1. Out of residues 5 or more away from Val91 or on other chains, whose amide H comes under 5 Å of its own, with H placed 1.01 Å from N in the peptide plane?
2. Taking amide H atoms as placed 1.01 Å from N in the peptide plane, list the residues 5 or more away in sequence, or in a different chain, whose amide H sits under 5 Å from that of Arg175.
3. Computed on alpha carbon atoms, what radius of gyration and Dmax characterise the range 515-584, expressed in Å?
4. Dipole magnitude of the range 546-703 about its Cα centre, charges +1 at Lys/Arg Cβ and -1 at Asp/Glu Cβ only, in debye to the nearest 20?
5. For Cα Rg over 2.2 N^0.38 Å, the choices are (1) 1.04; (2) 1.26; (3) 1.46; which was calculated from the structure?
6. How far apart, in nm, are the 7 Å Cα→Cβ label points at Leu249 and Leu671?
7. Suppose every K and R has +1 on its Cβ and every D and E has -1 on its Cβ; what is the size of the dipole of the range 183-284 about the Cα centre, in Debye to the nearest 20?
8. Taking 0.36 nm per intervening residue step and subtracting the Cα-Cα distance, what contour gain separates His151 from Tyr593 on full extension?
Amino acid sequence: MTRASRLPALLWLLVLMACLAFGSWQLLRGASLDTRITALLPETHQSPGVDRANDQLGAPFTHRFVLLLDAEHPNEAAAALARDIESADVVDQLRYRPGDYQLDSLIEVLGPSRYRLLDDTLRAAIDSGDTDALHRQALASLVMPTGLDQHPVRDPFGLLDHWLDSQLSTRFDTRGDLVTLEVDGRALVVMTGTLSGNAWDTGLQDRLTDAITQFERDYPEARLWRSGMVFHAADGAHQAKSEISTIGLGSLIGVLLILLVVFRSPVTIATLVLPLVTGGVFALAITLWWFQGIHLLTIAFGSSLIGVAIDYALHLQCARTLAGHDFRLRHMLPGLALGLVTSVMAYVVQAFTPMPGLRQMAVFAGCGLVGAWLTVVLWLPLTRVRTTEGTRTLAERLWRVLDRLRGRLGPRLALVLALMAIAVAGLRLQGDDSLRLINTSSQQLLGDEALIQQELGRDTGTVYLLITAHDTEGFLGRAESLSPVLDSLVQGGHLGGYASLAEHVPSKARQNANLARARELYQQQLDRVYASAGLPPALYERAIETLESSPPLALARWLASPLGESDRRLWLGDIGKGQMGGMITLNGEIDTYARQQLASLARSDENIELVDRVGQISEVLGKLRRQIAQWVAAALIALTVILALRYRWRTWRVIAPAGGAILTVLTLYALLGVPLNLFHQLALLLVLGIGLDAGIFMQEHPRAHHAWLAITLSILSSLLAFGLLAFSATPVLHHIGMTTLIGLASVWLLTALVQRRTSREPTTPHARTRPHDTTHDHG
């Protein structure tokens with residue numbers, strides 16, 4: 001190598017060092033690592049409050065957990081479970097006894113405003129004038145007090161108890177010194193915990209699950225149900241670790257063994273991995289600089305896409321190994337350059353889509369390919385490779401296999417098969433964008449989650465109404481106006497239930513109307529109650545004075561109290577542009593009729609928005625899937641035109657391995673009834689990149705052993721690295737693996753089948769036929 005050739009290599013090293021320093025600095029200073037699927041949506045599709053609402057509704061599920069315990073000796077078992085969890089140093093607070101809940105503030109918070117808090121039954125009774133029943137109840141309670149704070153002056157009619165019975169009713173009970181919940185006739189201990197750290201902290205997950213495992217060993221007869229993000233995250237992490245130690249480790253060992261058998265040199269193997277590392281460093285730095293952050297999906301899928309880059313290293317090193325001192329880089333550059341251009345076009349074209357997620361993935365993958373290519377061209381020729389007889393022998397045997405397969409698929413038959421495949425896929429192939437695609441939790445944990453949400457009557461707020469108004473009073477008024485509609489849906493069996501702040505804090509208008517009704521009740525019945533109870537008439541004036549001095553119950557006061565803790569997730573407060581916001585969450589089953597009614601309601605009022613978080617994620621997955629399909633199809637058409645300028649009538653042989661493999665996968669899925677999803681298509685990008693490289697290199701070097709050896713190694717190593725994921729229990733990895741397995745196997749077979757039959761043998765293992773040598777090939 002001359003000094004002139006070493007200078008670009010040195011400059012590339014300096015660029016990579018700068019990228020490494022910049023990327024490390026960005027990550028250490030807390031660069032945004034986004035995990036929200038909704039962040040992949042176009043910005044114009046989201047209102048300002050939706051992101052905040054999603055985060056706020058999910059926060060309790062993220063930071064807390066719930067356990068239901070069934071044991072023969074519940075007091076002893078609950079104490080042991082609490083002891084194990086607290087000793088693991090994973091919780092700030094653990095509640096399972098009545099004293100753990102600050103319910104003594106009921107009177108303090110609600111007492112002064114009790115005259116303004118009337119349930120629907122009391123309102124109807126006072127409006128109808130039928131208050132004799134209230135007279136009898138009040139008289140009985142004054143003779144023998146049973147209410148929480150039923151005082152002759154403060155609350156002779158027990159208004160506070162009526163309100164609590166109607167609005168704060170619960171299925172929770174207390175048995176001994178435990179808070180319990182009755183499920184199927186069994187009193188289960190309810191234990192709620194607030195995490196002391198992040199639910200995705202694997203150390204915290206391990207300590208919590210170890211504590212629970214220890215308890216289950218000590219009390220094998222006990223049964224636990226679990227709810228909380230920390231358990232789902234731990235379940236996914238456990239499964240990932242298990243598969244990494246089996247599938248991941250097995251594929252890595254397999255790839256290394258194959259490369260070691262072929263090249264017989266650990267140094268050469270290291271040079272094959274080096275472009276992937278440098279490409280990743282370059283891509284990460286550019287993406288962080290461009291987008292001021294990076295989505296974790298970009299890293300996951302971008303890394304797999306730049307796995308195409310190992311092709312460049314394999315082709316170069318195979319050629320060098322077989323050619324020895326006769327190797328010339330200039331003979332390889334056209335094929336390497338075309339391989340880069342076609343792969344980058346196939347991915348980067350998605351940067352022009354309106355989907356932020358696809359744009360980021362496209363930039364990451366494109367930069368990763370460029371970075372890997374530069375490393376191959378500038379650095380790898382500076383390294384030494386061993387020329388071994390074993391590598392030559394293997395290349396010759398593979399060439400004989402190619403000779404037996406080549407020419408079996410001509411252009412006419414290929415066109416007929418392609419049209420048939422397009423017809424079958426177009427008519428029968430379905431799509432699947434459901435959330436279960438990205439689920440990593442076990443069925444047992446999902447069952448536990450469903451039971452706890454159902455029994456507690458409160459889910460994670462996956463479907464909700466986002467309500468905005470100019471002030472708090474306007475919000476509460478609008479929320480109250482929706483209650484009759486929601487109540488009718490619940491009563492009709494169309495909706496499981498709902499949670500609204502207006503249930504616990506009426507608007508000032510309603511509170512004033514309730515105060516007027518309480519005043520009317522006092523005027524109608526209080527004198528008679530006092531007289532019947534033998535109490536002095538002077539108490540009447542004191543009772544009226546107390547009633548008139550009643551302050552409204554403010555939303556801020558309610559939310560700041562321990563009683564309003566569970567309602568804090570429903571209030572956003574100021575969301576900008578002079579707007580206040582909050583949510584009404586919809587719980588349980590929501591049928592089609594309810595969704596239609598609520599959607600119609602939202603369309604008729606710009607201050608109401610129906611948000612389905614699960615549906616939103618499915619929408620993201622569906623849009624990504626459709627955008628990828630459309631833009632990759634457009635890229636393939638453009639690439640065909642570009643490749644035709646060089647290969648003319650042989651262009652179909654270049655396109656056939658990638659295009660045919662994709663059609664094979666789609667047709668097979670259509671015939672088997674497997675719906676296509678985003679992760680299938682992301683795997684098809686890998687198939688596309690490797691397929692294009694295979695087609696290009698076989699046309700650039702139609703008589704060279706090294707081309708077919710490199711193509712076979714590339715496909716075999718990718719099959720081991722990605723195809724084995726087909727055996728993964730994680731849905732995402734399974735879909736990627738199965739698609740890669742079918743697609744790459746098809747690429748290898750089609751690359752051989754579409755090659756032109758020839759009786760000429762290469763004079764040397766590295767012989768090269770220039771494109772003009774076969775210009776008379778018309779397909």
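1. Under 5 Å from the amide H of Val91: Ser196.
2. Result for Arg175 returns Thr180.
3. 19.3, 59
4. That gives the range 546-703 a dipole magnitude of about 1180 debye.
5. Derived directly from the coordinates: (2).
6. 3.8 nm
7. For this selection, approximately 280 debye.
8. Length difference between fully extended and current span is 154.4 nm.
Throughout, read-outs are computed from the coordinates displayed, never taken from laboratory work. Keep in mind it's a predicted model, so treat the numbers as computed, not measured. All Cβ positions, even for glycine, are placed from backbone atoms using ideal geometry, and neighbour counts span all protein chains on display.
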